[in-house]
1. For the range 246-276, which chymotrypsin sites (Phe, Trp or Tyr not before Pro) are in a loop by DSSP, counting at most 14 other Cβ atoms within 10 Å?
2. What number, rounded to the nearest 500 deg cm²/dmol, is the helix-based mean residue ellipticity at 222 nm of the chain, given -39500 (n - 2.57) per DSSP H run of at least four residues and division by all its residues?
3. Counting other beta carbons within 10 Å of each Cβ, put 131, 150 in order, fewest first.
4. If neighbour count is taken as other Cβ atoms inside 10 Å, put 53, 360 in order from fewest to most.
5. Where nothing but the Cβ of Lys and Arg (+1) and of Asp and Glu (-1) is charged, how large is the charge dipole of the chain around its Cα centre, in debye to the nearest 20?
6. What is the extension gain from residue 139 to residue 377, computed as 0.36 nm multiplied by their sequence separation minus the C-alpha to C-alpha distance, in nm to one decimal?
7. Tell me, what is the percent relative contact order of the chain, built from C-alpha pairs under 8 Å that lie six or more residues apart?
8. For a quick check, take a GNM of the chain with Cα springs below 10 Å and name the residue from 45, 246, 257 with the largest mean-square fluctuation.
Amino acid sequence: LPKKHSGSDNTIFSEMTALAQKQEAVNLSQGFPDYEIDDRLKKLLCEAAEKNFNQYAPMSGNPLLIENLIEFNNKRTIPISVSKENITISPGATYGIYTALASVISFGDEVIVLEPNYDSYVPAIEMNGGKPIFVSLNDDFKVNFEALKKAITEKTKAIIINSPHNPSGKIWKKEDFNQLSDLVENTEIIIISDEVYDILTYDQNEFYSAFHHPKLRERCFSIFSFGKMFHITGWKVGYVLASPELSQAYRRVHQYLAFSVNALAQYALAKYLEVFEPKENQKIMQQKRDFFLNEIQDLPFTLNEKAEAGYFQILSFKNISELSDKDFAVWLTEKAKVATIPVSAFYHDQKSTGNVRFCFAKKEETILKAVENLRRYL
Ligand code: PMP
Ligand code: GLN
């Protein structure tokens with residue numbers, strides 16, 4: 001059978017979660033919460049079934065969900081003004097990224113990827129006939145705009161960006177978007193902006209969307225996920241913001257890929273947006289990050305920078321072991337019974353980085369158990 005992409009047959013997230021289960025290790029690898037979700041969400045899902053949201057939803061999304069997303073985006077700390085022409089509900093962000101790519105790239109087009117990058121980007125480019133062009137982020141995970149400029153050719157169709165960033169938690173600042181905008185001015189390049197950790201920003205860090213930028217918003221897809229926003233990664237629902245023209249291109253593909261998205265979930269999400277307080281989730285997650293950082297203080301890992309946002313913290317293990325990061329992550333799971341993700345998995349050449357990524361979106365007792373296990377071995 002044809003191999004349609006250069007990705008692995010088993011993603012690093014599935015691999016490490018399976019290993020964690022086999023080894024009965026604490027799983028701080030794949031990014032999913034192990035704590036209870038808001039009860040109101042559960043009740044709304046039951047209400048949706050009772051109210052008979054059991055048949056196909058409209059192709060672009062449940063109208064109430066779209067209306068409430070318009071309001072939600074307007075009420076952000078830095079408002080994003082959108083209308084229904086800009087919003088399409090998607091079955092998760094992975095699908096949103098794939099479909100955005102599928103709707104704009106043709107065979108042979110180049111798509112620039114800033115690495116380390118989320119693992120679905122490259123297979124999604126390749127499955128649509130595109131060619132990934134890699135540009136490394138700087139050591140502090142900021143963009144090297146000089147390198148990015150050099151990577152742009154006549155064949156560049158799109159650039160995929162990710163802020164807040166997985167795995168580093170780095171956030172693009174307004175100035176970064178200005179620089180990107182200057183770079184792509186007078187080109188036809190499309191920006192695909194993965195923004196799934198939008199509301200989970202910590203300390204004084206503000207979230208900027210590519211869609212905030214007056215020039216970029218005409219040429220970008222901004223992609224969001226309720227999975228991370230509401231701690232419900234298994235629901236697999238998100239949404240895509242794009243200009244009316246790009247939304248139309250997106251829907252042209254979407255109507256033949258998924259057509260529409262789970263109607264029960266859409267109803268529940270629409271109603272939940274009416275009561276949801278983003279600041280509460282932000283606070284819960286910042287407490288989790290701080291709890292994790294405080295607990296690991298006396299372990300021999302090195303913290304280069306606190307995560308500014310998201311679910312993850314990168315730590316260096318260079319003082320602990322000379323193993324490759326993949327071997328170290330396997331060793332840590334098997335011996336210390338704590339599973340993490342080797343950061344090399346986010347690079348196309350998979351070269352060892354000396355870093356592993358911990359997911360802190362966990363109950364305090366899970367974090368405490370992980371730290372206890374690590375203390376025993378390190
Ligand atoms: N992009 C990034 C950066 C992610 O970390 C994830 C995982 N939540 C996704 C996309 C995929 O999101 P979803 O589960 O909604 O497909
Ligand atoms: N986004 C999650 C992570 O980075 C994983 C999602 C998945 O397993 N594909 O851990």
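Nothing in this text is a laboratory measurement; each read-out follows from the coordinates by a stated rule. Given the structure is predicted, the values throughout are model-derived calculations rather than measurements. Every residue, glycine as well, gets a Cβ built from its backbone with ideal geometry; the counts of neighbours run over all protein chains shown.
1. Sparse-neighbourhood loop chymotrypsin sites (Phe, Trp or Tyr not before Pro): 259.
2. It comes out at -11500 deg cm²/dmol, rounded to the nearest 500.
3. Fewest-to-most Cβ neighbours within 10 Å comes out as 150, 131.
4. The most exposed by this proxy come first: 53, 360.
5. Result for the chain is approximately 440 debye, rounded to the nearest 20.
6. Details: separation 238, 0.36 × 238 = 85.68 nm, distance 2.88 nm.
Extra length available between residue 139 and residue 377 comes to 82.8 nm.
7. Rounded, it is 25 percent for the chain.
8. 257
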